[in-house]
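Take a look at the structure set out below.
The values are calculated or read from the model by the stated rules, or taken from the named source; none is laboratory data. Just so you know, these numbers come straight off a predicted model, no measurement behind them. Neighbour counts run over all protein chains shown; Cβ positions are idealised from the backbone, glycine included.
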Amino acid sequence: MKTMKTWRNIFVMCTALLSLASCSSDDDNAKDIVNEINMSVSAEPGVMYNLFDSMGEHPIECMRVMTEDEPGRWQNLYFSEIKGFIYERGHEYELRVMRTILANPLQDASDRTYELVRILADKKVEEVAEPVKKEVKSEADIEYEQQCPVEKYAIAKGGEYMVDAEGKVTYADGTPTPEFDKHAQIYLENILDKSHPLWQAGARYQATYAYVLSPLSDEIRLVPSNHSCFLFKNILTESEMTHVQQSMKQGETLHYHLILANVYKRGIQKVEFTIKKK
C-alpha cells in the first residue's frame, strides 16, 4: 500500500514537471504576430502617465491613436512609439503601420511595437499657432511654473541661423536645414545637470509650448513643440519670412526670444535665437 502511494506521488510530480516543461517549451517556441494595419491619429494630443506614477502627478503629453481592428477605442502612445513617424500637433493622420505583437515582451513593457509603412492621409484640422489668452499682452503677463525660470534648455548649435534671399535656412556653420515651409526645426538641448532635482521631473518642466516674442510684431503667439524642437514655420510667420528675404540687408540680424512653457502653458525659461541675412 505504501509502495503504491509512493509511486502515485512520483507520477503526480512527473506529470507536473512535464506540464511545466511543456509550458516553457511553448513560451520559447511562441512567435511574434506581425501584420499591417491602418491606424488613425488624432490631431489633439492626449495625456498619459508613467507606469510608476501611480498618483498621476506627472502628466506626459502623447499621441491618441485608434486601430482598425479596435474601432471606437482610442489608445495613448508615446510620440516616439511609431518608428519612422513624426507627429505634428493639429494634424489628423491615417497611417499604414506594421504592428508586432510580441510573444515574449519585456517585463513592464508594452507587448506591441509599431513601424510606419506609409502615411495614407495628413489633414491639418486646426491652426498650429494658437492666439494667447487676451490677458497675455506682454512678457510680464506670462505666469511661470514653480522653481522657474530654470536653465534647462539651450537651442542647438548656438541658436544662430542664416537665411538667404530665396528663404534657404542654414546654421551659422553652414550646415543646411530642411526647407523652411516643410520640416526646418529649432532643436532644444537639455543642458540641466543630472544632479539637479528637476532632471527627472515630469511634464511640468518639459517644453511643450513656446511663447514667441518677435522683433517684428507686438503680438505674442503660443506655438506647440514637436518632440524637443519647434518647426521654423510656426515660429516665423510667412510675412516675417518674406521680410527677411526681401527687406533685410546682408549681415542684418533679428533677435527672437522664446519663453518655453509646459503642458499647462506656464513658463519654464527664456531662450534666444538669431536670424541673420546671408
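For the stretch 151-165, give me each residue that is farther than 30 Å from GLN250 by Cβ and crowded, with 16+ Cβ neighbours inside 10 Å.
At the first step, the residues of the stretch 151-165 found to be farther than 30 Å from GLN250 by Cβ are 151-153.
Answer for the stretch 151-165, where residues must be farther than 30 Å from GLN250 by Cβ and crowded, with 16+ Cβ neighbours inside 10 Å: LYS152, TYR153.
Only a single item in (1) touching a residue at least 24 places away in the same chain (Cβ under 8 Å); (2) surrounded by 15 or more Cβ atoms within 10 Å (Cβ to Cβ); (3) of a type outside the set (D, E, K, R); (4) in the same structural domain as MET48 (by TED's automatic domain parsing) is not met by TRP74, and it is number (2).
Taken together, VAL136, VAL125 contain a single residue that is at pLDDT below 90 and touching a His at 6+ places or on another chain (Cβ under 9 Å), which is VAL125. In summary, PRO224 fulfils each of the numbered conditions (1) closer than 19 Å to TYR187 by Cα; (2) of a type outside the set (Gly, Ala, Ser); (3) surrounded by fewer than 18 Cβ atoms within 10 Å (Cβ to Cβ) with the single exception of condition (3). Filtering the stretch 228-246 to residues that are exposed (fewer than 15 other Cβ atoms within 10 Å of the Cβ) and touching a residue at least 40 places away in the same chain (Cβ under 8 Å) leaves only GLN246.
Are any of the residues in the stretch 84-91 more than 22 Å from PHE230 (Cα to Cα) and either at pLDDT 85 or above or within 19 Å of the chain's Cα centre (by Cα) (or both)? No; the residues of the stretch 84-91 include none that is more than 22 Å from PHE230 (Cα to Cα) and either at pLDDT 85 or above or within 19 Å of the chain's Cα centre (by Cα) (or both).
Where strands (runs of 3 or more DSSP E) fall wholly inside the stretch 194-278, the ranges with 3 or more residues that are charged (D, E, K, R) and either in contact with a strand residue (DSSP E or B) (Cβ under 9 Å, 6 or more places away or on another chain) or over 20 Å from GLU160 (Cα atoms) (or both) are 267-277.
Of the residues making up the stretch 52-68, just one is modelled with pLDDT under 70 and under 24 Å from PHE85 (Cα atoms), namely PRO59. Of all the criteria given as (1) more than 18 Å from the chain's Cα centre (by Cα); (2) crowded, with 17+ Cβ neighbours inside 10 Å; (3) under 17 Å from ILE155 (Cα atoms), the one not satisfied by HIS257 is (2).
The residue of the stretch 166-195 that is modelled with the lowest pLDDT, among those that are surrounded by 15 or more Cβ atoms within 10 Å (Cβ to Cβ) and over 20 Å from HIS255 (Cβ atoms), is HIS183. Sub-6 Å Cβ pairs linking a first residue in the stretch 156-174 that is closer than 17 Å to GLU238 by Cβ to a second residue that is of a type in the set (Phe, Trp, Tyr), at least 6 apart or interchain, are GLY167/PHE180; VAL169/TYR161; VAL169/PHE180, ordered by first then second residue.
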